[in-house]
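**Student:** Questions regarding the structure given below will be posed in turn.
The values are calculated or read from the model by the stated rules, or taken from the named source; none is laboratory data. Remember, it's a predicted structure, so these values are computed and weren't measured experimentally. No Cβ is skipped: glycine too gets one built from the backbone with ideal geometry, and neighbour counts run over all protein chains shown.
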Amino acid sequence: MALTGRAALLAALGSLPVGIWDPGWTGILAVNAPLAVACACDFALAAPVRRLGLTRSGDTSVRLGESADVTLTITNPSGRPLRARLRDAWPPSSWHPGTEVEASRHHVTVPAGERRRITTRLRPTRRGDRQADRVTIRSYGPLGLFNRQGTHKVPWTVRVLPPFTSRKHLPSKLARLRELDGRTSVLIRGEGTEFDSLREYVPGDDTRSIDWRATARQSAVAVRTWRPERDRHILVVLDTGRTAAGRVGDAPRLDASMDAALLLAALASRAGDRVDLLAYDRRVRALVQGRTARDVLPSLVNAMAALEPELVELDARGLTATALRTAPRRSLIVLLTSLDTAPVEEGLLPVLSQLTQRHTVLVASVADPYIARMATARGDADAVYEAAAAARAQSERHRTADQLRRHGVTVVDATPDELPPTLADAYLALKTAGRL
């Protein structure tokens with residue numbers, strides 16, 4: 001309970017003439033005694049806060065960058081109307097900076113024995129689970145001189161999912177996949193290593209694809225058509241170690257890796273392949289296995305939502321052993337990690353042969369576009385030094401990529417905006433070449 005600013009203002013205004021015309025205890029009592037009685041009556045008429053019933057409903061998940069509405073239902077079981085100010089507290093990252101005060105505070109009036117609903121709109125700025133804190137209510141009397149205050153714990157969790165901004169590239173990649181699969185009208189049938197059908201020879205077809213046995217059984221020359229392999233296994237491995245915490249632009253490298261992984265998973269599931277996910281640094285942070293094509297993308301998004309990079313060095317040996325257990329048969333292993341020289345040379349390269357002997361390995365890394373801009377900077381001494389440092393960093397990065405390629409690894413190195421479509425193109429190229 002507490003006095004309001006209105007009661008303090010009335011006490012100050014009443015004390016001013018007393019101090020001028022009749023200073024003393026009598027004058028002070030003459031002003032403050034009626035005010036105290038009014039405050040006591042106001043307090044008695046204010047609805048009790050502890051007896052209120054509060055429940056939540058609304059959204060339980062939202063993509064990063066979108067808004068979620070959480071509804072709070074307030075039930076007033078007392079015989080006095082509730083006039084209150086309410087603060088619905090959530091973590092600071094539940095709103096854009098500077099908007100949390102306006103978004104979390106509400107004025108509410110609930111007649112006796114009735115209920116009302118208020119809606120808090122969240123616009124999270126980070127992935128992960130956002131859990132509601134406490135609800136603080138100040139109940140005022142009809143005069144607004146005194147208030148009752150109390151808090152309620154009303155649990156609710158909103159999971160903030162990755163935004164999947166690379167979804168815009170999916171239609172073009174699916175069109176390319178259909179072209180490879182031979183399901184669109186093109187002059188040349190899709191390449192691949194899995195037999196699809198027989199058709200009549202037309203000028204321009206590769207003579208090596210003629211099926212002589214089928215030709216002998218019919219009057220026309222028959223050629224075999226092929227399609228990319230289906231039902232292959234793809235293991236997407238996210239490095240959640242120290243290097244994934246580095247920021248590229250406004251987001252950690254891990255977020256850009258997630259976006260690329262989601263586009264690859266969406267494309268591969270449409271192609272008939274099975275996609276699993278492993279997130280690892282020194283232990284397994286997330287593992288998604290055995291999902292159907294319909295369920296794989298929601299499962300991956302849900303598993304990625306709570307992932308955060310850990311400030312520890314990646315245990316490459318542990319990651320390799322876990323990947324081999326997760327993918328016992330020949331698979332495409334897509335490792336989204338850093339191309340920094342030290343982690344690759346000291347951690348990944350010594351154990352890489354264990355993966356490449358059994359699986360096809362693709363390493364994808366997020367490049368910093370700021371370094372590319374630094375490399376082209378000129379004009380003064382500082383810019384030249386920055387360009388030299390950027391050129392050295394790029395040279396080391398290219399040397400590391402060449403080392404991986406010499407071990408039979410396909411390497412994709414691109415900026416956050418370019419990494420998802422480039423990784424999808426690399427997957428389609430491997431599928432076209434029959435290397436899956």
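**Student:** Cβ-Cβ below 6 Å, separation at least six or inter-chain, first residue in the range 378-393 and among the charged types (D, E, K, R) and surrounded by 13 or more Cβ atoms within 10 Å (Cβ to Cβ), second modelled with pLDDT under 90 and not in a helix (DSSP H, G or I): which pairs?
**Tutor:** E386/A377
**Student:** Here's another thing I want to ask about it. Name the one entry in A321, A293 that is in a loop (DSSP other than H, G, I, E, B) and more than 21 Å from A245 (Cα to Cα).
**Tutor:** One residue alone meets the criteria, A293.
**Student:** Tell me yes or no: at least one residue of the range 369-390 is touching a Ser or Thr at 6+ places or on another chain (Cβ under 8 Å) and either within 21 Å of A261 (Cβ to Cβ) or part of a loop (DSSP other than H, G, I, E, B) (or both). Please lay out each step first, then the result.
**Tutor:** Just the residues of the range 369-390 that are touching a Ser or Thr at 6+ places or on another chain (Cβ under 8 Å), to begin with: 369, 372, 387.
Going one step further and asking which of them are either within 21 Å of A261 (Cβ to Cβ) or part of a loop (DSSP other than H, G, I, E, B) (or both), we end up with 369.
Yes, the range 369-390 contains at least one residue that is touching a Ser or Thr at 6+ places or on another chain (Cβ under 8 Å) and either within 21 Å of A261 (Cβ to Cβ) or part of a loop (DSSP other than H, G, I, E, B) (or both).
**Student:** From the set of residues in the range 420-436 that are aliphatic (A, V, I, L, M) and outside any loop (DSSP other than H, G, I, E, B), which is surrounded by the fewest Cβ atoms within 10 Å (Cβ to Cβ)?
**Tutor:** Residue satisfying both the conditions and the ranking: A429.
**Student:** In a helix (DSSP H, G or I) and closer than 22 Å to D255 by Cα: is that true of L348 in this structure?
**Tutor:** yes
**Student:** Here's something else I'd like to know. Taking strands (runs of 3 or more DSSP E) that do not extend beyond the range 80-140, which have at least 1 residues that are of a type outside the set (S, T, Y) and on the phi > 0 side of the Ramachandran plot?
**Tutor:** 128-131
**Student:** Somewhere in the range 18-40, is a residue of a type outside the set (V, I, T), within 29 Å of R115 (Cβ to Cβ), modelled with pLDDT under 70 and surrounded by 16 or more Cβ atoms within 10 Å (Cβ to Cβ)?
**Tutor:** yes
**Student:** Of the numbered conditions (1) modelled with pLDDT of 90 or more; (2) in a loop (DSSP other than H, G, I, E, B), L174 fails exactly one; give the number of that condition.
**Tutor:** Tallying (1) modelled with pLDDT of 90 or more; (2) in a loop (DSSP other than H, G, I, E, B), L174 fails exactly one: (2).
**Student:** Is it the case that A388 is small (G, A, S) and either within 20 Å of E345 (Cβ to Cβ) or out of contact with any helix residue (DSSP H, G or I) (no Cβ under 8 Å at 6 or more places or on another chain) (or both)?
**Tutor:** So A388 fits the description; yes.
**Student:** Might you check whether a residue that is acidic (D, E), over 26 Å from D129 (Cβ atoms) and under 24 Å from the mean Cα position of the chain (by Cα) occurs anywhere in the range 280-293?
**Tutor:** No: the range 280-293 contains no residue that is acidic (D, E), over 26 Å from D129 (Cβ atoms) and under 24 Å from the mean Cα position of the chain (by Cα).
**Student:** For the range 61-79, how many residues are in contact with a strand residue (DSSP E or B) (Cβ under 9 Å, 6 or more places away or on another chain) and more than 13 Å from P124 (Cβ to Cβ)?
**Tutor:** 7
**Student:** While we're looking at this one, here's another question. For the structure I just gave you, tell me whether S185 is among the hydroxyl-bearing types (S, T, Y), more than 17 Å from the chain's Cα centre (by Cα), in a loop (DSSP other than H, G, I, E, B) and modelled with pLDDT under 70.
**Tutor:** yes
**Student:** Then there's this: State whether one or more residues within the range 78-99 are more than 30 Å from D259 (Cβ to Cβ), in the same structural domain as H152 (by TED's automatic domain parsing) and hydroxyl-bearing (S, T, Y).
**Tutor:** Taking every residue of the range 78-99 in turn, at least one turns out to be more than 30 Å from D259 (Cβ to Cβ), in the same structural domain as H152 (by TED's automatic domain parsing) and hydroxyl-bearing (S, T, Y).
**Student:** In addition: Between a first residue in the range 293-318 that is closer than 20 Å to A266 by Cβ and a second residue that is part of a loop (DSSP other than H, G, I, E, B) and of a type in the set (G, A, S), which pairs have beta carbons less than 8 Å apart while being 6 or more apart in sequence or on different chains?
**Tutor:** Cβ pairs passing all conditions: A293/G272.
**Student:** If you check Q394, Q354, which single one turns out to be over 19 Å from L423 (Cα atoms) and within 29 Å of the chain's Cα centre (by Cα)?
**Tutor:** Q394 is the lone residue from the list that is over 19 Å from L423 (Cα atoms) and within 29 Å of the chain's Cα centre (by Cα).
**Student:** So, in the range 249-287, of the ones that are in a helix (DSSP H, G or I) and of a type in the set (G, A, S), which residue ends up surrounded by the most Cβ atoms within 10 Å (Cβ to Cβ)?
**Tutor:** That would be S257.
**Student:** To continue, here is another question. For the range 126-139: of the residues being surrounded by fewer than 17 Cβ atoms within 10 Å (Cβ to Cβ) and touching a helix residue (DSSP H, G or I) at 6+ places or on another chain (Cβ under 9 Å), which is modelled with the lowest pLDDT?
**Tutor:** R126
**Student:** Same structure, new question: Report yes if some residue within the range 324-338 is at pLDDT below 95, surrounded by 15 or more Cβ atoms within 10 Å (Cβ to Cβ), in contact with a helix residue (DSSP H, G or I) (Cβ under 6 Å, 6 or more places away or on another chain) and at negative phi; otherwise report no.
**Tutor:** Checked the range 324-338: at least one residue is at pLDDT below 95, surrounded by 15 or more Cβ atoms within 10 Å (Cβ to Cβ), in contact with a helix residue (DSSP H, G or I) (Cβ under 6 Å, 6 or more places away or on another chain) and at negative phi.
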